[in-house]
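The values are calculated or read from the model by the stated rules, or taken from the named source; none is laboratory data. In this text, all values refer to a predicted model and were calculated from it rather than measured experimentally. A quick note on method: Cβ atoms are made from the backbone with ideal geometry, for glycine too, and the neighbour counts reach across all protein chains shown.
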Amino acid sequence: MPVEDQSHRSQSQSLERGLAILACFGESRPVLGAIELARLAGLNKSTAHRYLTTLTNLGYLQQEPGSRKYRLGPRVVDLGFAALNSMEITKVAGPHLQALSNETGYAVSMAILDGTEVLYIQRCRSTREGRCGIDLNLHVGSRLPAYCTAMGKVLLAYRKADELRALLDRIDLARRGPNTMTAREALLIALGQVRATGLAVNDEELAAGLRSLAVPVRDGFGQVLAAVNVAVHLSIWHASMESIQRRLEHPLRHTADQISKRMGYPASDRR
């Protein structure tokens, strides 16, 4: 029997189908009906109904009383947070990120790339009093478009050329803030600059008044694992982008270097 057939036979079809149903949900499809779920998961109606009933009873799905449609349940959220909390990088980075937030007085975050979005895996607010401003309700587990965020540009910049092209083909470069890059060529030029300098700047590309700097975090093989940023709002510090960069770039890079070193990256080359 071919190896691939043996591998396929060792898989659980029930588990595959259950996960296929859960994977149908997303930011653009938070609520789905049974017929739509059956179609998206490639199941007939009766089979889909059995899996939906099981997943609902186990808490992985919830059914809305009025519409009878489904949404993800609390057990899925628990699994997501458990996965994030178990990641080695979050344990390593936490104290360094909080120290940077306390030193600068601004919000500090760390994210990874998940498809065309950044997924927040750490977020620290300063313990200093009086620091407040826009935070877009961001928290661990939040997602934002990669193309118009500083961390997203860092994570896109270090993708292989063919992978980056495939990702950009899936992105709608819609305007989100006053300075959003909506032209693919302009974004590619910006990503080239990020790769050359190891620093991404976001000057009101995601939202009006919001600025941020981001740098990469690497593993022992030099691969970019995540990005770290410091975010500043104009309502707190109405300075030029150049002034913000002069003040925050060094401590931000130093923090990322410390985390990278803990992850096994020995070099000091920030690019």
(request) For the range 35-53, name all the residues that are over 14 Å from E16 (Cα atoms) and of a type in the set (V, I, T). (result) I35, T53
(message) Here are the criteria: (1) over 18 Å from the mean Cα position of the chain (by Cα); (2) surrounded by fewer than 16 Cβ atoms within 10 Å (Cβ to Cβ). Tell me which single one Q223 does not satisfy.
(response) (1)
(request) Kindly provide the set of residues from the range 189-209 that are aliphatic (A, V, I, L, M) and in contact (Cβ under 8 Å) with a residue 12 or more places away in the chain, ordered by number. (result) A190, L191, V194, A196, L199, A200, V201, L206, A207, A208
(request) Please enumerate the residues belonging to the range 178-211 that are over 16 Å from I244 (Cβ atoms), in contact with a Cys (Cβ under 8 Å, 6 or more places away or on another chain) and of a type outside the set (A, V, I, L, M, F, W, C). (result) T180
(request) Could you look through the range 206-220, keep only residues that are over 19 Å from R123 (Cβ atoms) and under 19 Å from the mean Cα position of the chain (by Cα), and pick out the one that is modelled with the lowest pLDDT? (result) D219
(message) Which condition from (1) at pLDDT 95 or above; (2) more than 15 Å from A111 (Cβ to Cβ); (3) crowded, with 16+ Cβ neighbours inside 10 Å is the one that H233 breaks?
(response) (1)
(request) Please identify the pairs in which a residue from the range 97-116 that is more than 16 Å from E249 (Cβ to Cβ) has its Cβ atom under 8 Å from the Cβ atom of a residue that is acidic (D, E) and at pLDDT below 95, counting only partners at least 6 apart or on another chain. (result) A107/D135
(request) Sort out which residues of the range 52-68 are crowded, with 16+ Cβ neighbours inside 10 Å and either out of contact with any strand residue (DSSP E or B) (no Cβ under 6 Å at 6 or more places or on another chain) or assigned to a loop (DSSP other than H, G, I, E, B) (or both), and write them in order of number. (result) L52, Y60
(request) Search the range 151-168 for residues that are in contact (Cβ under 8 Å) with a residue 24 or more places away in the chain and part of a helix (DSSP H, G or I) and pair each with any residue that is acidic (D, E) and buried (at least 18 other Cβ atoms within 10 Å of the Cβ) when their beta-carbon atoms are under 8 Å apart and the residues are at least 6 apart or on different chains. (result) G152/E117
